[in-house]
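Laboratory data are not the source of any read-out in this text; all were calculated from the coordinates shown. Given the structure is predicted, the values throughout are model-derived calculations rather than measurements. Ideal geometry is used to build each Cβ from the backbone, glycine not excepted, and the neighbour counts take in all protein chains shown.
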Amino acid sequence: MQTRVAAGARADAGLTAKEIHLIRSTYTVLGAKGMDRLALQDVADEAGVSKGTVLYYFESKHNLVMQTMRWAIDRVARRARRALMTAATAEGQLAAVIDAIAIGAEANRRFYLTFFDLLVYEAREDRAKTDDLSAIFYHACDELFAEIIARGLEEGAFHVADVAEAAATVRALMDGLFVQWVAGEGWQRRHGAYVARCKRAALAYLRAGG
């Protein structure tokens, strides 16, 4: 099964209801066990199907995991894009997009755990690099943040010299803070505080001119 889709197309475009069900089940297992420990039988058990059914639709663990990560990344990116339209100012847009990416403790933790696994997998496996999913996600985030920052410059709220560099820095701030959050104890209790801290750090950086 091919994991690439046309630029701008939804990651679930052309997928059957059964395939989407298997992808959702895989995402649940990935969040609980990680890529290294995930087995096709785990996915089959979660989905309530046979292992053969999983292989019939996706042919290999690699294809299944890559399609699942493409689906997860696409969902987050599209949710963040929708959030951009809900605020009237650049500062409001920044907060809305961070909220959309962070969404809730359970969902946010599952996404970051699986995404960090993807980064390691891509770094070690040449075949994963051909999918380039982390780069696709980072590009989508950087585009969103660049739009917000450009608007903030027009409004006089932000003061940065290089929009692209500032966008990548905001994204890195967010990643760094959520690495700390995922790795620490009490992640459910601390989620809201880390989201708020992420907003403060990003705004402080953009207002101060980097």
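Some points to look at:
- Helical runs (DSSP H, four residues minimum) scored at -39500 (n - 2.57) apiece and divided by the length of the chain put the mean residue ellipticity at 222 nm at -26000 deg cm²/dmol.
- For E46, neighbours were defined as the other residues whose beta-carbon sits under 12 Å from its Cβ, and their charges (Lys and Arg +1, Asp and Glu -1) total +1.
- Cα long-axis angle, helix 163-183 against the chain (0 to 90 degrees, to the nearest 10): 60
- Label-to-label distance, nm, for residues given as K18 and A107 (7 Å Cα→Cβ offset): 2.9
- Helix 61-84 axis, angle to the chain major axis (alpha carbon atoms, nearest 10°): 30
- If R0 is 45 Å, the Cβ-Cβ spacing of Y56 and A201 corresponds to a FRET efficiency of close to 0.45.
- Folded to 0 to 90 degrees: helix 133-155 orientation relative to the chain principal axis, Cα: 20
- Computed Kirkwood radius, in angstrom, where 1/r is averaged over Cα pairs of segment 27-176: 16.8
- Max mean-square fluctuation residue, GNM over the chain, Cα-Cα springs under 10 Å, options D45, D175, D132: D45
- A DSSP coil position with no more than 12 other Cβ atoms inside 10 Å describes the following GluC sites (Glu not before Pro) in segment 134-210: E185.
- Placing +1 on the Cβ of every Lys and Arg and -1 on the Cβ of every Asp and Glu, with no other charges, gives segment 72-120 a dipole of roughly 180 debye about its Cα centre.
- Taking the Cα centre of segment 119-210 as reference, the dipole from Cβ charges on Lys and Arg (+1) and Asp and Glu (-1) amounts to some 600 debye.
- Taking segment 100-210 and dividing mean pair separation by its residue count, relative contact order in percent (alpha carbons under 8 Å, at least six apart): 31
- Think of each Lys and Arg Cβ as +1 and each Asp and Glu Cβ as -1; about the Cα centre, that makes the dipole of the chain roughly 500 debye.
- Selection from A95, F158, Y138 lying farthest towards where the dipole of segment 84-210 points positive, charges on Cβ: A95
- In this structure, M85 and D175 have a Cβ-Cβ separation that, at R0 = 22 Å, corresponds to a calculated FRET efficiency of about 0.35.
- Among the GluC sites (Glu not before Pro) in segment 44-109, those placed in a DSSP loop whose Cβ has at most 14 other Cβ atoms within 10 Å are E59.
- Taken over segment 99-154, the ratio of Cα radius of gyration to 2.2 N^0.38 Å equals 1.39.
- Of V170, G31, G209, farthest towards positive along the dipole that unit charges on Lys, Arg, Asp, Glu beta carbons give the chain: G31
- Pairs of lysine residues in the chain - Cα separation under 25 Å, sequence separation of 8 or more or cross-chain: 8
- When the trypsin sites (Lys or Arg not before Pro) in segment 114-210 are filtered for DSSP coil states and for at most 12 other beta-carbon atoms within 10 Å of their beta-carbon, no site remains.
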